[in-house]
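The values are calculated or read from the model by the stated rules, or taken from the named source; none is laboratory data. Given the structure is predicted, the values throughout are model-derived calculations rather than measurements. Ideal geometry is used to build each Cβ from the backbone, glycine not excepted, and the neighbour counts take in all protein chains shown. What goes into the accessible areas is simple: the full protein's heavy atoms, side chains included, and nothing from ligands, DNA or RNA. Shrake-Rupley method; radii C 1.70, N 1.55, O 1.52, S 1.80 Å.
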Amino acid sequence: MDDGAIGGAGDPWREAELAGFLLPEQQARLHAHGWLTMLAPRAAGGAELPLPEVVRLEEEIAATDGSLGWVVTLCAGAGWFAGFLPPALARGIMATPGVCLAGSGAPTGFADIDGDDVVITGRWDYASGAPMATHFTLNAVLRERGEVLRDEQGKPRIRAFIVPARHVALEASWQAIGLRASASHAYRLDGARIPASHGFTIDAAHATADGPLYRFPFMALAYVTLAANLLGMARHFLALAGPLVAARRQHGSGVPLGEVPAVAACLALAREELAEHRTALYEVLDRAWDAVVRHTLADEAALQRVSLQLVDTCRRTVDSLYPCCGLQAAREDAEINRVWRDFHTATQHALLLPD
């Protein structure tokens with residue numbers, strides 16, 4: 001993917017990192033490509049692309065820039081929720097100029113039932129793309145007359161909601177070492193009153209849009225899209241590491257000459273391993289998608305397993321090659337350092353952490 005096709009001349013990704021958000025021209029190109037609505041239902045104005053196509057695209061976007069890939073993946077993923085909203089509401093949201101859905105999955109707030117409305121109060125972390133969001137999704141614990149509602153097992157009842165950005169106060173809390181332009185800030189709602197119809201359930205049985213995309217299991221979708229992002233960033237790192245390793249092979253650069261060929265061999269092996277695990281990921285994903293298209297069940301366990309195996313391979317690959325790249329890789333203003341920081345920040349997502 002051509003950087004210039006998205007960001008313009010120079011190093012726009014470095015500029016976005018320094019700014020702490022995707023630049024206006026980058027956001028405009030994002031909307032022009034339709035990436036933020038590619039998982040939303042066609043009936044609501046989205047593209048409703050097949051999931052295997054989306055995941056491969058997200059890998060390529062992340063291979064261009066980690067923050068860009070992260071924002072596209074998380075915000076397009078939130079756009080997928082439109083397939084579980086009342087159709088009229090989904091159409092209205094998708095018709096919003098510059099529509100972008102951001103959000104957080106942790107149930108760190110309350111939704112108090114008040115007639116046909118709910119009153120939402122709470123604070124949520126890590127909403128990637130927050131500054132450009134027109135709507136926010138969230139999970140909240142349901143209450144009625146101050147009492148937490150509970151399910152048959154006695155656990156608090158949690159419901160997902162979507163709220164317009166005008167109800168949201170952003171907090172500039174994103175201080176991670178990488179993915180700085182993802183602007184994954186916290187947000188807060190202080191007694192926002194919204195219609196109860198803005199609540200939804202993320203489950204195939206409650207989908208309001210037809211099509212296999214909304215029968216695909218949510219957690220499997222999350223694992224495979226996150227893994228594709230890590231793969232794209234790891235590929236980017238390897239591409240930048242190659243010339244640095246080659247330069248050390250040619251000039252020595254303080255490395256014992258007998259060890260330099262071993263470093264080159266390590267790079268070649270890393271590429272082979274990534275390619276092997278990439279193939280495995282897409283084979284399992286394609287089979288799962290075909291199963292859902294045929295109205296049978298996707299193998300969720302296999303998708304989670306192959307996604308985490310790929311992430312583990314990406315971690316080992318990047319970490320084994322970083323020491324071979326020299327001080328250039330430690331310069332904060334170097335592209336390879338930005339990719340390294342983006343990659344390691346992304347690996348800290350809760351779903352990707354080792355058991």
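Some observations on this one:
- Residue match in the stretch 24-34 (condition: within 14 Å of P212 (Cβ to Cβ) and not hydroxyl-bearing (S, T, Y)): no
- When restricted to residues that are within 30 Å of A19 (Cβ to Cβ) and surrounded by fewer than 18 Cβ atoms within 10 Å (Cβ to Cβ), the stretch 132-148 contains 1.
- Residue in the stretch 175-188 that is over 20 Å from the mean Cα position of the chain (by Cα) and not hydroxyl-bearing (S, T, Y) present: yes
- Scanning the stretch 82-103 for residues that are within 21 Å of A183 (Cα to Cα), outside any strand (DSSP E or B) and touching a residue at least 60 places away in the same chain (Cβ under 8 Å) yields a count of 3.
- Only one of A275, A268, A301 that is closer than 23 Å to E60 by Cα, of a type in the set (A, V, I, L, M, F, W, C), at pLDDT 95 or above and open to solvent by 10 Å² or more (accessible area, probe 1.4 Å): A275
- All positions within the stretch 311-354 that are aliphatic (A, V, I, L, M), open to solvent by less than 10 Å² (accessible area, probe 1.4 Å) and farther than 21 Å from G69 by Cα: L321, A329
- All positions within the stretch 32-43 that are within 11 Å of M94 (Cβ to Cβ) and either in contact with a Pro (Cβ under 7 Å, 6 or more places away or on another chain) or open to solvent by 60 Å² or more (accessible area, probe 1.4 Å) (or both): R42, A43
- Among the residues making up the stretch 105-126, those that are in contact (Cβ under 8 Å) with a residue 40 or more places away in the chain and either under 28 Å from G20 (Cβ atoms) or open to solvent by less than 10 Å² (accessible area, probe 1.4 Å) (or both) are P107, G109, A111, V118, I120, T121, G122, R123, W124, D125, Y126.
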